[in-house]
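The values are calculated or read from the model by the stated rules, or taken from the named source; none is laboratory data. The model shown is predicted, which means the values in this text are computed figures rather than measured ones. FYI the Cβ positions are ideal-geometry reconstructions off the backbone, even for glycines, and counts take in every protein chain you see.
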Amino acid sequence: MGKYHGQANSVLRPRTTEQVSEIVKYCAHRRIGIVPQGGNTGLVGGSISLQKEIVLSLGAMNNVRSFDPVSGILVADAGCILQSLSDYIAPHNHIMPLDLGAKGSCQIGGNISTNAGGLRLLRYGSLHGTVLGLEVVLPDGTILDQLSTLRKDNTGYDLKQLFIGGEGTLGIVTGVSILTPPAPQATNNIFLALPRFDNVLPLFQIVKRQLGEIMSAFEYIDRTAYDMGLTHGLGPLLDAEEVGDSECFILVETSGGNNEHDLEKLNHLLEHLLTADQPLINTGTLSQSPSQFNAIWAMREGLTECCQKEGKPYKYDVSVPLADFQKVVDAVRERMISKGLYGDHAISKVMGYGHVGDGNLHLNVIAKHGYRPELEAALEPFIYEVVASRKGSVSAEHGIGSMKTHALHYSKSDVSIEWMRKVKQVFDPLNIMNPGKVLP
Ligand code: FAD
Ligand code: MLT
Ligand code: ZN
């Protein structure tokens, strides 16, 4: 995004866990700060060196350690790129339990450290459930080997959970044991245009009821985001006339065991939606080929990159009640209009997309000619207050990094923050592990 500028003058690229341990011991002895870095795709400034801490890049630790095709348990170095792991297990008919637009660059260690959600969370749950074990180098250089491959292990405190979403502040993840699901026999998707945002919730209920266990994604794109996608060559996915003045779009994916059966369900769903007395959709399409399937996903996954092409994006990744998605986006647009900051001279677009099935809205505010302090001042803390007033979370899946340390209190009580500090103090009393991130 060009929003964060690291200060580091040294990057170390260890090849083994032992080398990571030696580096950390050396740094602990001299109180040198360390910023663990994976694929550097994080969106909250977590992997940058704020004050000349060294960067410890995991990219050279990229070996698969083992894969058991019977249990689906994969053990890998933290620096393996997510897409490479998917490619590795694909011939065994398994898939990674998470998928995100950054899959070609992000690393499994970075995914775990941010507790990345992404496009498959609805189906396979969070990494807090699918990660079975971790190997971590602690801030004094000790290697914590909890690389368990057990499905069940209730032997006291589950320490690994602290590193899942720990954003590198408690230690460096060097190895991962993760449960991978069998690849579905059939995947399909549909793309729907809705006349009004108010139809999203009833649609979600109908889709869940009709598709049942085969639904694997339910993603939201508002009109501004869709039009932006079209401008940048994503699509068209639907006939422009039939889309008319639709307010928003929904992508539904199914992953099932029988293509014929899944297609029957999807066709029936589409027919039901289009022929109802008061149709919830204006139009919709069911992908007819792998390339159309990919084109539908490209529209959703390509939005992040389009935002960058439009200007400089202020990105807010929030959890709010589903019914409030569009209200939050509209409130922000109205705020910028009332401040005289809406238009090509300042904020050119305010849009929402995201994982509606998980209650996760990505609110993107585009500053056409670049980041400016007065724009940020108009957006923050306003947005965090709006989210807090709806009992939401100021970070649904991207983490806190350096962007949201000052906003943590909108979603965490004083008591929670105090105990987070105590945990940090126990693991990292010298405060060398990713200092200045997560905790204010
Ligand atoms: P980095 O960006 O390198 O680091 C992220 C944080 O983790 C930093 O705090 C860093 O210090 C720490 N870290 C990295 N590796 C380690 C390690 N081995 N040990 C300890 N700490 C470590 N996120 C989602 O949740 N869902 C999405 O759908 C999603 N889609 C995205 C789409 C695009 C196009 C882009 C650019 C980003 C997207 N993201 C998404 C955000 C980002 O990709 C994820 O947060 C990803 O998991 C970060 O992985 P990374 O390897 O790039 O980590
Ligand atoms: C997404 O779901 O597309 C990602 O989280 C990235 C983004 O918020 O742009
Ligand atoms: Zn997302």
| request: Run down A78, A116, A102 and say which single residue is surrounded by 18 or more Cβ atoms within 10 Å (Cβ to Cβ), under 30 Å from E18 (Cβ atoms) and touching a helix residue (DSSP H, G or I) at 6+ places or on another chain (Cβ under 6 Å). | output: A78
| task | Return a yes/no flag: does segment 300-316 have any residue that is within 16 Å of ligand 1 (Cβ to nearest atom), more than 19 Å from the chain's Cα centre (by Cα) and under 26 Å from R196 (Cα atoms). | result | yes
| Could you give every pair whose Cβ atoms fall below 6 Å, whose first residue belongs to segment 303-325 and is over 18 Å from I400 (Cα atoms) and touching a residue at least 60 places away in the same chain (Cβ under 8 Å), and whose second residue is of a type in the set (G, A, S) and within 13 Å of ligand 1 (Cβ to nearest atom), counting only separations of at least 6 or pairs across chains? | T304/G101
| query | Hey, any hits in segment 145-154 for a residue that's touching a residue at least 60 places away in the same chain (Cβ under 8 Å), under 21 Å from N62 (Cβ atoms), within 16 Å of ligand 2 (Cβ to nearest atom) and surrounded by fewer than 20 Cβ atoms within 10 Å (Cβ to Cβ)? | reply | no
| said: Can you list the helices (runs of 4 or more DSSP H) lying wholly within segment 251-351 that have 2 or more residues being among the aliphatic types (A, V, I, L, M) and outside the structural domain of L122 (by TED's automatic domain parsing)? | reply: 259-275, 290-301, 325-338
| Within segment 364-406, which residues are assigned by TED's automatic domain parsing to the domain that holds S49 and away from ligand 1 (no atom under 13 Å from the Cβ)? | H406
| Which numbered condition trips up V320, out of (1) within 15 Å of ligand 2 (Cβ to nearest atom); (2) surrounded by fewer than 17 Cβ atoms within 10 Å (Cβ to Cβ); (3) among the β-branched types (V, I, T)? | (2)
| Has segment 416-438 got any residue that is β-branched (V, I, T), within 16 Å of ligand 2 (Cβ to nearest atom), in contact with a strand residue (DSSP E or B) (Cβ under 8 Å, 6 or more places away or on another chain) and part of a loop (DSSP other than H, G, I, E, B)? | no
| query | Are any residues in segment 394-413 of a type in the set (K, R) and more than 16 Å from ligand 2 (Cβ to nearest atom), and if so, which ones? | reply | K412
| remark: D262 passes all but one of the listed conditions (1) within 24 Å of R196 (Cα to Cα); (2) surrounded by 20 or more Cβ atoms within 10 Å (Cβ to Cβ); the exception is number (1)
| query | Looking at segment 209-234, which of its residues are within 20 Å of G352 (Cβ to Cβ) and either among the aliphatic types (A, V, I, L, M) or surrounded by fewer than 18 Cβ atoms within 10 Å (Cβ to Cβ) (or both)? | reply | A217, I221, A225, D227, M228, L230, T231, H232, L234
| message | Of all residues being in contact (Cβ under 8 Å) with a residue 60 or more places away in the chain and within 19 Å of N431 (Cα to Cα) in segment 1-22, which is surrounded by the fewest Cβ atoms within 10 Å (Cβ to Cβ)? Just the residue, please. | response | E22
| task | For segment 262-292, name all the residues that are over 19 Å from V243 (Cα atoms) and either of a type in the set (D, E, K, R) or touching a residue at least 60 places away in the same chain (Cβ under 8 Å) (or both). | result | D262, L263, E264, K265, L266
| message | If I ask for residues that are more than 26 Å from R209 (Cα to Cα) and within 16 Å of ligand 1 (Cβ to nearest atom), which ones from segment 342-361 would you list? | response | M351
| remark: Of (1) at positive phi; (2) buried (at least 17 other Cβ atoms within 10 Å of the Cβ), N431 fails just (2)
| request: Select from segment 317-338 the residues that are more than 18 Å from E374 (Cβ to Cβ), more than 13 Å from ligand 1 (Cβ to nearest atom) and not polar (S, T, N, Q) and list them in ascending order. | output: V320, P321, L322, A323, D324, F325, K327, V328, V329, D330, A331
